[in-house]
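Worksheet: one structure, shown below.
The values are calculated or read from the model by the stated rules, or taken from the named source; none is laboratory data. Keep in mind the model is a prediction, meaning the values are calculated, not measured. So basically every Cβ, Gly included, is an ideal-geometry build from the backbone, and we count neighbours across all protein chains shown. Quick note on the areas: whole protein, heavy atoms, side chains included, nothing else; ligands and nucleic acids left out. Shrake-Rupley method; radii C 1.70, N 1.55, O 1.52, S 1.80 Å.
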Amino acid sequence: MATIFSRIIQGEIPCYKIAEDERFFAFMDINPVAVGHTLVVPKHEDDYIFNLDDDEIGAMMVFAKKVAKAIEKAVPCKRIGVAVIGLEVPHAHIHLIPITQEGDMDFKKEHVHMSDEEFREVQKRIVENL
Ligand code: 5GP
């Protein structure tokens with residue numbers, strides 16, 4: 001069965017899309033730790049990021065860098081933190097999270113609640129900075 005991220009990539013489930021190329025897809029996390037929290041995923045479905053081959057994991061980081069630079073310009077922050085957890089969705093993904101301090105990367109703290117309008121507004125700002 002396709003993962004929820006594959007279904008998002010295929011357009012079966014809606015998302016706030018940020019960027020896409022032949023191999024990778026970026027979209028905003030639906031339950032963000034911070035405003036601008038974005039996920040980067042390979043279109044190729046694999047449960048574990050360190051199962052990706054060298055070329056794919058390298059290219060994924062280059063794609064994530066482009067997205068991170070756009071988030072950095074769109075959202076007030078010091079830099080973009082990077083996390084790989086992958087315990088919830090069995091489809092490799094990188095979390096890109098705008099941070100100003102270490103605690104901003106804490107997945108256990110209360111997440112940010114964003115309306116559809118707020119998601120669209122942040123999405124627009126990020127996409128404009130790609
Ligand atoms: P992890 O697998 O790294 O522990 O967490 C998976 C992440 O995917 C979570 O931050 C969660 O909010 C996000 N997520 C799960 N389902 C969806 C979804 O349907 N849409 C979006 N945009 N994000 C999702």
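Looking only at residues that are farther than 15 Å from Pro32 by Cβ and more than 16 Å from the ligand (Cβ to nearest atom) in the stretch 69-96, which one is surrounded by the most Cβ atoms within 10 Å (Cβ to Cβ)?
Restricting to residues being farther than 15 Å from Pro32 by Cβ and more than 16 Å from the ligand (Cβ to nearest atom), the top hit is Ala70.
Which of the residues spanning the stretch 19-40 are in a strand (DSSP E or B) and over 24 Å from Glu110 (Cα atoms)?
Residues satisfying the conditions are Ala19, Glu20, Phe24, Phe25.
Name the residue that is farthest from Tyr16 (Cα to Cα), counting only residues in the stretch 76-103 that are in contact with a Pro (Cβ under 9 Å, 6 or more places away or on another chain) and in a strand (DSSP E or B).
Arg79
Which residues, taken from the stretch 18-52, are near the ligand (Cβ under 10 Å from one of its atoms), buried (at least 19 other Cβ atoms within 10 Å of the Cβ) and not hydrophobic (A, V, I, L, M, F, W, C)?
Asp29, Pro32, His37, Thr38
Failed condition for Lys66, given (1) within 12 Å of the ligand (Cβ to nearest atom); (2) open to solvent by 20 Å² or more (accessible area, probe 1.4 Å); (3) not polar (S, T, N, Q), with all others met?
(1)
Would you please name the residue that is farthest from Glu128 (Cα to Cα), looking only at residues in the stretch 71-84 that are more than 12 Å from the chain's Cα centre (by Cα) and of a type outside the set (D, E, K, R)?
Cys77
I need a count of the residues in the stretch 1-17 that are free of Cβ contacts under 8 Å to residues at least 24 places away in the same chain, surrounded by 12 or more Cβ atoms within 10 Å (Cβ to Cβ) and part of a loop (DSSP other than H, G, I, E, B).
Here the count works out to 2.
Which one of these is closer than 18 Å to Lys69 by Cα and touching a residue at least 12 places away in the same chain (Cβ under 8 Å): Ile80, Ile85?
Ile80
Only one of (1) farther than 20 Å from Glu128 by Cα; (2) in contact with a strand residue (DSSP E or B) (Cβ under 6 Å, 6 or more places away or on another chain) is not met by Ile49, so which one is it?
Status for Ile49: all satisfied but (2).
Is it the case that the stretch 104-122 has a residue that's away from the ligand (no atom under 13 Å from the Cβ), modelled with pLDDT under 95 and not in a loop (DSSP other than H, G, I, E, B)?
yes
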